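A.B. asks: Below: one structure in structure tokens.
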Amino acid sequence: MTTELIYMLQSLVGLMVGVFIGVGFGMVQDAARQRNERLQEGGKLKSGWAVMPGSGKRVVYLLVALVLIQILCPLLFNDGIQWWVSVGVAGGYGFMLFRQLSRRKARRI
């Protein structure tokens with residue numbers, strides 16, 4: 001009973017950490033998108049290649065954050081808990097994308 005409770009708590013903590021990472025990454029991406037839209041409206045983007053500058057750098061930051069959490073919290077990456085972290089990252093980032101989509105639809109109406 002105690003080990004099941006510990007596993008469940010580890011799973012929940014892993015899920016929450018993943019959600020925080022996903023939402024944080026989504027917020028950074030959303031801020032970059034808004035900045036790039038302002039630049040595009042102002043005519044300051046010189047070419048199509050400059051539409052999302054720095055996106056590779058942001059992905060590297062996400063990967064570094066995941067590695068740091070794996071090093072600092074190794075319990076979140078044992079016994080299948082890493083899948084809960086992954087689900088949390090996908091869910092958190094998906095939530096941010098859904099929120100962005102709903103805001104765009106609301107502006108069109």
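The values are calculated or read from the model by the stated rules, or taken from the named source; none is laboratory data. The shown structure was predicted, so the numbers you read here are calculated from the model rather than taken from an experiment. We place every Cβ from the backbone using ideal geometry, glycine too, and count neighbours over all the protein chains shown. Just the protein is used for accessible areas: all its heavy atoms, side chains included, with ligands, DNA and RNA removed. Shrake-Rupley method; radii C 1.70, N 1.55, O 1.52, S 1.80 Å.
A.B. asks: What pairs come up if the first residue lies in region 57-80 and is in a helix (DSSP H, G or I), the second is open to solvent by 80 Å² or more (accessible area, probe 1.4 Å), and their beta carbons are under 6 Å apart, counting only those six or more places apart or on different chains?
C.D. replies: Once the first residue is in a helix (DSSP H, G or I) and sits in region 57-80, its partners that are open to solvent by 80 Å² or more (accessible area, probe 1.4 Å) give Phe77/Gln70.
A.B. asks: Filter region 79-105 for residues that are under 16 Å from the mean Cα position of the chain (by Cα) and β-branched (Val, Ile, Thr); which is nearest to Leu9 (Cα to Cα)?
C.D. replies: If we filter region 79-105 for residues that are under 16 Å from the mean Cα position of the chain (by Cα), which is where we start, we get 82-101.
Restricting the remaining residues to those that are β-branched (Val, Ile, Thr) gives 85, 87, 89.
Numbers: Val85: 13, Val87: 15, Val89: 18 Å.
Once the filter is applied, the top-ranked residue is Val85.
A.B. asks: Looking only at residues that are of a type in the set (D, E, K, R) and part of a helix (DSSP H, G or I) in region 1-45, which one is nearest to Gln70 (Cα to Cα)?
C.D. replies: Let us first name the residues in region 1-45 that are of a type in the set (D, E, K, R), namely 4, 30, 33, 35, 37-38, 41, 44.
Then keep just the ones that are part of a helix (DSSP H, G or I); that gives 4, 30, 33, 35, 37-38, 41.
On the way: Glu4: 22, Asp30: 25, Arg33: 28, Arg35: 31, Glu37: 34, Arg38: 36, Glu41: 40 Å.
Top of the filtered list is Glu4.
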